[in-house]
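A.B. asks: This is the structure I want to talk about, given as structure tokens.
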Amino acid sequence: MNKKEIYKYIDRNIDAHIANIQDWVRQQSVSWDNLGMGDAWKIVYESYKKLGCQTVEVIPGKYYPGIFAYYDAGSKYTFHNYCMYDTRTVENPQEWDFDPWGGEIKDYAGHRKVLTGRGSMGAKGPYVAFLNSLESIIAVEGKLPFNIIFLAEGDEILGSPSYKLFVKKYNEYLKKADFSFCPTLSEGSNEEVSIGMGLKGMIVFDLKIKGSKENNGPSNTVHSSLGSLINCPAFRLSKALASMVDEQGNGCKINGLEEIWKDRKKLTKFENDKIRLIFENSKGKDIRDVLPIGTKNYQNENLGKQSIFDFLYGPTFNISGLHSGFLGKESGMIPFIIPSEAIAHIDMRLVTELNSDEIIQKIRHHLDDHGFQDIEMEIFSSFDYTHSPFDEIFSVIENCIKESKKIPILWPMQGGGGP
């Protein structure tokens, strides 16, 4: 490729490219609140069309549509590109320093020009910058040097419940992919560029109990004065949850999964070397500046190699929410009730050779073996742990970053999970 001419094209069209990012940011797309989602998929669809994809299709999802597109360059190389077009919620917009849907360019946080707004960092900004770069290559070269399978989703914030179905639908295309690429905002102010080589497996599910004859709970919400005759489903769910962890609420006591907490993945020399390099490069820094913990959420400032290892490879078993009955005046419920149901929202992230279906089965067996057959499981999403070896593709990416006078940092695993 004629990189020099491509860079010149980008410089000449920088205003249009920035405006393209602003258009995406200004399009509301909060999946949790169904805010703007009826139109949000259209901007993705039109972007793929504008790029010159020969095939662009809307895919029905569990909550919101996905978009499949295929750019056929006639190349022997093909890669899959992941996109999420939904964003997180906007809580208390009046307290923001800028309009969350404005896409404004402002002097902000010590930087002269910052494109602000919900999604400008994750994940619309970096994604549209990637699309802009593809458009620039096509403008100069006539076509891309590779084929791309685009597969976008609109319910990532909800746990990506549809993505497995999308993958299954377009499996014949995806079999041709040499690698998968997801652009993120990965360059820091110190000119370091992070490259993630893997994702933890992830399972998102609800445990739900309803009052029934079997558990002597109410089939409808009743007054709590009946507590001497009727059992409270929320207590039963609490007992089920407690049976899955130790007395301090940590670890995992599910038969067949305990070993994941005891015996972590045996690292290769390459993985050990990369963790050691990350640690050496981070010496003297607060752990909260190295890992995405947040300045107010973690009290232990000491950064050790074990902390990095645990973040990248350690299993997680988390209750993200509990819901039952009276939750304040806004809930529409009154106090002094026995609710007829209780729900726990749970997510797990694991690095294990067990596939997600096997893990789900072990959780179900645990519940049944402990007498909780009446507790239902609703699976929202489940993905297996994935990891890429260091090969020619990563070598090319590394060299490309070095050519740009940046510092590539290879992370052998990422703390998050997903498709």
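The values are calculated or read from the model by the stated rules, or taken from the named source; none is laboratory data. Predicted model only: the values in this text are computed from it and were never measured. Glycine also receives a Cβ, built like all others from the backbone with ideal geometry; neighbour counts cover every protein chain displayed.
Conditions (1) in contact with a helix residue (DSSP H, G or I) (Cβ under 7 Å, 6 or more places away or on another chain); (2) farther than 30 Å from Phe380 by Cα; (3) part of a helix (DSSP H, G or I), marked per residue:
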position: Trp101; (1), (2), (3): yes, no, no
position: Lys106; (1), (2), (3): no, yes, no
position: Ile137; (1), (2), (3): yes, yes, yes
position: Val140; (1), (2), (3): yes, yes, yes
position: Glu156; (1), (2), (3): no, no, no
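A.B. asks: Could you name every one of the strands (runs of 3 or more DSSP E) located completely within the range 173-241 that has at least 3 residues being aliphatic (A, V, I, L, M)? Let's see the steps before the verdict.
C.D. replies: On the way: elements: 179-181, 192-196, 198-210.
Because the criterion is at least 3 residues that are aliphatic (A, V, I, L, M), the strands (runs of 3 or more DSSP E) in the range 173-241 that meet it are 198-210.
A.B. asks: Next up: Within the range 381-390, can one find any residue that is closer than 19 Å to Lys208 by Cβ and modelled with pLDDT under 95? Explain how you work it out, then say what you get.
C.D. replies: Initial filter on the range 381-390 (closer than 19 Å to Lys208 by Cβ): 381-382.
Keeping just the survivors that are modelled with pLDDT under 95 gives 381-382.
So far as the range 381-390 goes, yes, one or more of its residues are closer than 19 Å to Lys208 by Cβ and modelled with pLDDT under 95.
A.B. asks: While we're here: May I ask you to say which residue of Thr184, Thr268, Thr221 is closer than 24 Å to Glu376 by Cβ and hydroxyl-bearing (Ser, Thr, Tyr)?
C.D. replies: Thr221
A.B. asks: Can you name the residue in the range 143-169 that is under 20 Å from Glu46 (Cα atoms) and more than 20 Å from the chain's Cα centre (by Cα) and is also surrounded by the fewest Cβ atoms within 10 Å (Cβ to Cβ) among such residues?
C.D. replies: Once the filter is applied, the top-ranked residue is Lys143.
A.B. asks: Given the criteria surrounded by 16 or more Cβ atoms within 10 Å (Cβ to Cβ), assigned to a strand (DSSP E or B) and in the same structural domain as Leu151 (by TED's automatic domain parsing), does Tyr82 qualify? Reasoning before the result, please.
C.D. replies: Working: surrounded by 16 or more Cβ atoms within 10 Å (Cβ to Cβ): yes; assigned to a strand (DSSP E or B): yes; in the same structural domain as Leu151 (by TED's automatic domain parsing): yes.
Criteria met by Tyr82.
A.B. asks: Right, something else. Suppose we keep only residues that are of a type in the set (Gly, Ala, Ser) and more than 14 Å from Asp263 (Cα to Cα) within the range 307-323. Which one would you say is surrounded by the most Cβ atoms within 10 Å (Cβ to Cβ)? Give the steps one after another, and end with the answer.
C.D. replies: Quick first cut of the range 307-323, residues of a type in the set (Gly, Ala, Ser) only: 307, 314, 320-321.
After this cut, where a residue has to be more than 14 Å from Asp263 (Cα to Cα) as well, the list is 307, 320-321.
On the way: Ser307: 19, Ser320: 10, Gly321: 11.
Filtering the range 307-323 for residues that are of a type in the set (Gly, Ala, Ser) and more than 14 Å from Asp263 (Cα to Cα), the one surrounded by the most Cβ atoms within 10 Å (Cβ to Cβ) comes out as Ser307.
A.B. asks: Look through Tyr71, Tyr108, Tyr48 and report the one residue that is hydroxyl-bearing (Ser, Thr, Tyr), over 21 Å from the mean Cα position of the chain (by Cα) and at pLDDT below 95. Spell out the reasoning first.
C.D. replies: Working: Tyr71 fails: at pLDDT below 95; Tyr48 fails: at pLDDT below 95.
Result of the check over Tyr71, Tyr108, Tyr48: Tyr108.
A.B. asks: OK, next. Can you go through Glu214, Glu153 and tell me which one is more than 30 Å from Met413 (Cα to Cα), among the acidic types (Asp, Glu) and touching a residue at least 24 places away in the same chain (Cβ under 8 Å)? Write out each step before concluding.
C.D. replies: Working: Glu153 fails: more than 30 Å from Met413 (Cα to Cα).
So the residue among Glu214, Glu153 that is more than 30 Å from Met413 (Cα to Cα), among the acidic types (Asp, Glu) and touching a residue at least 24 places away in the same chain (Cβ under 8 Å) is Glu214.
A.B. asks: Which one of these is under 27 Å from Arg349 (Cα atoms) and among the β-branched types (Val, Ile, Thr): Val90, Val140, Val114, Val128?
C.D. replies: Values: Val140 fails: under 27 Å from Arg349 (Cα atoms); Val114 fails: under 27 Å from Arg349 (Cα atoms); Val128 fails: under 27 Å from Arg349 (Cα atoms).
The conditions single out Val90.
A.B. asks: Of everything in the range 206-248, what is among the hydrophobic types (A, V, I, L, M, F, W, C) and over 12 Å from Ile338 (Cα atoms)? Give them in sequence order. Lay out the reasoning, then the answer.
C.D. replies: Going residue by residue through the range 206-248, those that are among the hydrophobic types (A, V, I, L, M, F, W, C) are 207, 209, 222, 226, 229-230, 232, 234-235, 237, 240-242, 244-245.
Passing the criteria: Leu207, Ile209, Leu237, Ala240, Leu241, Ala242, Met244, Val245.
A.B. asks: Let me ask something else about it. Filter the range 287-320 for residues that are assigned to a loop (DSSP other than H, G, I, E, B) and either modelled with pLDDT of 70 or more or of a type in the set (Val, Ile, Thr) (or both); which is nearest to Ala344 (Cα to Cα)?
C.D. replies: Ranking the candidates gives Pro315 first.
A.B. asks: Checking the condition part of a loop (DSSP other than H, G, I, E, B) and in contact (Cβ under 8 Å) with a residue 12 or more places away in the chain, which residue from Met377, Met333 passes?
C.D. replies: Sole residue among the options that is part of a loop (DSSP other than H, G, I, E, B) and in contact (Cβ under 8 Å) with a residue 12 or more places away in the chain: Met333.
A.B. asks: Count, please, the residues in the range 166-180 that happen to be within 16 Å of Glu153 (Cβ to Cβ) and of a type in the set (A, V, I, L, M).
C.D. replies: Counting residues in the range 166-180 that are within 16 Å of Glu153 (Cβ to Cβ) and of a type in the set (A, V, I, L, M) gives 2.
A.B. asks: Shifting gears a bit: Starting from residues that are free of Cβ contacts under 8 Å to residues at least 60 places away in the same chain and closer than 13 Å to Ala152 by Cβ, keep the ones in the range 50-70 and report whichever is surrounded by the fewest Cβ atoms within 10 Å (Cβ to Cβ).
C.D. replies: Step by step, filter the range 50-70, then rank; the result is Val58.
A.B. asks: The conditions are (1) surrounded by fewer than 18 Cβ atoms within 10 Å (Cβ to Cβ); (2) in contact with a helix residue (DSSP H, G or I) (Cβ under 6 Å, 6 or more places away or on another chain); (3) closer than 30 Å to Cys83 by Cα; (4) not aromatic (Phe, Trp, Tyr), and Ile203 fails exactly one of them. Which is it?
C.D. replies: Only one criterion is unmet by Ile203, namely (1).
This table checks each residue for (1) assigned by TED's automatic domain parsing to the domain that holds Tyr163; (2) hydrophobic (A, V, I, L, M, F, W, C); (3) under 28 Å from the mean Cα position of the chain (by Cα).
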| residue | (1), (2), (3) |
| --- | --- |
| Gly217 | no, no, no |
| Leu226 | no, yes, no |
| Phe235 | no, yes, no |
| Ser238 | no, no, yes |
| Leu257 | no, yes, yes |
| Ile260 | no, yes, yes |
| Lys265 | no, no, yes |
| Lys274 | no, no, yes |
| Leu277 | no, yes, yes |
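A.B. asks: When only residues in the range 22-36 that are within 18 Å of the chain's Cα centre (by Cα) and hydrophobic (A, V, I, L, M, F, W, C) count, which is nearest to Arg118 (Cα to Cα)?
C.D. replies: That would be Val30.
A.B. asks: So which residues in the range 336-352 are closer than 23 Å to Glu271 by Cβ and not in a strand (DSSP E or B)?
C.D. replies: From the range 336-352, those closer than 23 Å to Glu271 by Cβ are 348-352; that's our starting set.
Of everything in the range 336-352, those that are closer than 23 Å to Glu271 by Cβ and not in a strand (DSSP E or B) turn out to be Val351, Thr352.
A.B. asks: Only one residue in Ala16, Ala73 is surrounded by fewer than 20 Cβ atoms within 10 Å (Cβ to Cβ) and in contact with a Leu (Cβ under 6 Å, 6 or more places away or on another chain), so which one is that?
C.D. replies: Values: Ala16 fails: in contact with a Leu (Cβ under 6 Å, 6 or more places away or on another chain).
Criteria check complete, one pass: Ala73.
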